[in-house]
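Read through the structure below, which is laid out as structure tokens, and then see the notes.
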Amino acid sequence: MKFLVLSDLHIRHTRGGSIKNNSRGIGAYYVTQKARELGIDATNIDYFLDWPRDLLIQSILSFFDNEQECLIGYSGSIDASGTEFYKNVIEDLKKEIPQLKVMLGGFREPQGDSTWVDIMLIGRCTNILIDYLQGKDISEYQIFDNPPGYRNPLGVIVDEPVAPIIQKNDFWNSRELMTIETALGCKFNCSFCGYDYRNNRKPKLNSIETVIESMQTAYDVAGITNFFLADDTINEVDDKLKLLGEAKRVLTFEPDLMSFVRLDIMGAKPHQIDLMQECNLRGHFYGIESLNSAVTKTIKKGGRPDKNFEIMRRVKSEFPEAFTYGNFIVGLTGDNEQDIWKHARTIVDEQLLTSAGATTLRLYSDLHNDEIKSELDKDPAKFGYKILEQKTIDWDNIGYQSDNWENDWTNRSKGEAITKELDDYYAKHLTSIFTSHEIYSIKTLLPGLSYKDYNNKLPMLRRSQSKMMNQYIKNKSQYLNK
């Protein structure tokens, strides 16, 4: 058997302009790694939407050559934006390889139909894929028929945390940000959160040996030193930070790490500042959401405002090299515009964060996959929301957008106006206009500048990224056509 997985990079729409995400999808690399462990000839094609179409088709045909057992997969983006192009590519390939089996994976909602898709995997289910590749019966996981779709039981962590081992013929570059996971699952259950595996009291930890091998191989093969830790909450337990500290002491290079961090947990455990310094966790994404004590209890995100401000001051003082981004949600029941602006002015006046931004609350009442529904999605009225207009839209077209809603103090339209004003205020008055994800993508492309100096560098970075992507396409196509 030969197995080929296609993937692409999301476009990030930042406050400085648009740029492609600079971190490839590690799920796609993990599944080909697992396939190779089974003795299957497996590889990846990245940036597939940017390949010249004829070169893409030719390279895929060359890879499969005269193989009788051919499987191609698309590791899709969350908004399904590349699915139609993938379908068109499949139609051309089937003319030459009629026996080609077609897979879709990575989505959180059903895609495609049985006229062109042979198997669809929903969410995290590498274990199901491994069974499928070995010809085992996977019917116990089937949840729909058109196309045949499979998913692990809801809320149960069956899969493993991902820390892939890349190869030279993957053609990574030192100017790319690599993603790994130290654990899978989050013990918290924030009311607005729709992430997989939340509310798990015992997140599944990766082994230190796997984390070290993944990071060291990335450095040895491609010179990669910057890593995004995709854990839902990196500091929910000290064990994750200690694992990273132990790994750093073994690695032959200095890693630079970024992840989601809960500020209120740091407030309760200020010793975590030292643990983060020890492992070089310098990029912090704080999902603060609100600094109003009337709100935090409702959304199941603790921490008194004074404690959160106190830990922000400590991080600024004790960990000045850290890039700290705080995200706020506008529209939470119990909040009010006066408090939102009072807290924003405190953050700006004291420069407590490197960057901050806001998003308007989103409610999705008509998703098919219950696993990605938040508590607010499931019962808006319980949390003080009235749905004025259902806006959840067919994923096959444009993904989904929020329903129109109102609560005790605002509605979606007014909330978006406040969000825009608040977002602009933070962008104008804090050091950086970027989120922590964005700055790590950007500074990996162009290392060495101050955080502020990156604010106007996107045009140059887009050109640099385009050259890197084109070099990848050249190298990978030559490899596939050899």
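The values are calculated or read from the model by the stated rules, or taken from the named source; none is laboratory data. Everything numeric in this text was worked out from a predicted model, so none of it was measured. Note: ideal-geometry Cβ built from the backbone for every residue, glycine included; neighbour counts use all protein chains shown.
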Check: Does Phe285 satisfy being at pLDDT 95 or above, in the same structural domain as Val221 (by TED's automatic domain parsing) and surrounded by fewer than 17 Cβ atoms within 10 Å (Cβ to Cβ)?
Finding: no
Next item on the list: Kindly check whether there is at least one residue in region 172-182 that is more than 29 Å from Lys373 (Cα to Cα) and outside any loop (DSSP other than H, G, I, E, B).
Entry: no
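Here is a check on your reading of the model: is Phe107 touching a Gly at 6+ places or on another chain (Cβ under 7 Å) and modelled with pLDDT under 95? First the steps, then the outcome.
Numbers: touching a Gly at 6+ places or on another chain (Cβ under 7 Å): yes; modelled with pLDDT under 95: yes.
Here the answer is yes, as Phe107 does meet what is asked.
Conditions tested, residue by residue: (1) under 30 Å from Asn200 (Cβ atoms); (2) in contact with a Leu (Cβ under 8 Å, 6 or more places away or on another chain); (3) modelled with pLDDT of 95 or more; (4) assigned to a loop (DSSP other than H, G, I, E, B).
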{"position": "His368", "(1), (2), (3), (4)": "yes, no, no, yes"}
{"position": "Glu371", "(1), (2), (3), (4)": "yes, yes, no, no"}
{"position": "Leu388", "(1), (2), (3), (4)": "no, no, no, no"}
{"position": "Lys414", "(1), (2), (3), (4)": "no, no, yes, no"}
Next item on the list: Quickly run through region 450-464 and pick out the residues that are under 19 Å from Ser23 (Cβ atoms) and at pLDDT 95 or above.
Entry: Tyr451, Tyr454
Next item on the list: Within region 113-132, count every residue that is under 19 Å from Gly76 (Cβ atoms), in contact (Cβ under 8 Å) with a residue 60 or more places away in the chain and aliphatic (A, V, I, L, M).
Entry: 2
Next item on the list: Please identify the pairs in which a residue from region 443-462 that is closer than 15 Å to Arg175 by Cα has its Cβ atom under 6 Å from the Cβ atom of a residue that is small (Gly, Ala, Ser) and part of a helix (DSSP H, G or I), counting only partners at least 6 apart or on another chain.
Entry: Leu445/Ser464
Notebook entry, point to check: Inside region 288-320, can you point out the residues that are surrounded by fewer than 17 Cβ atoms within 10 Å (Cβ to Cβ) and of a type in the set (Ser, Thr, Tyr)?
Noted result: Ser293, Ser317
Note to self: Residue pairs, Cβ under 8 Å, 6 or more apart or interchain, first in region 270-291 and among the acidic types (Asp, Glu), second part of a strand (DSSP E or B). List them.
What the structure shows: Glu289/Asn327; Glu289/Phe328; Glu289/Ile329
Check: Do we have any residue at all in region 430-442 that's surrounded by fewer than 20 Cβ atoms within 10 Å (Cβ to Cβ) and at pLDDT 95 or above?
Finding: yes
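Select the strands (runs of 3 or more DSSP E) contained entirely in region 83-170, then report the ones holding at least 2 residues which are surrounded by fewer than 17 Cβ atoms within 10 Å (Cβ to Cβ). Working first, answer last.
Values: elements: 101-107, 119-122, 142-144.
In region 83-170, 142-144 are the strands (runs of 3 or more DSSP E) which contain 2 or more residues that are surrounded by fewer than 17 Cβ atoms within 10 Å (Cβ to Cβ).
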Notebook entry, point to check: Going through region 24-67 one residue at a time, which ones are among the polar types (S, T, N, Q), out of contact with any Asp or Glu (no Cβ under 7 Å at 6 or more places or on another chain) and either closer than 30 Å to Pro459 by Cβ or modelled with pLDDT under 95 (or both)?
Noted result: Asn66
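For region 293-358, give me every one of the helices (runs of 4 or more DSSP H) that falls completely inside it and has 1 or more residues that are under 19 Å from Asp274 (Cα atoms).
Working: elements: 293-296, 305-318, 337-350.
Those helices (runs of 4 or more DSSP H) span 305-318.
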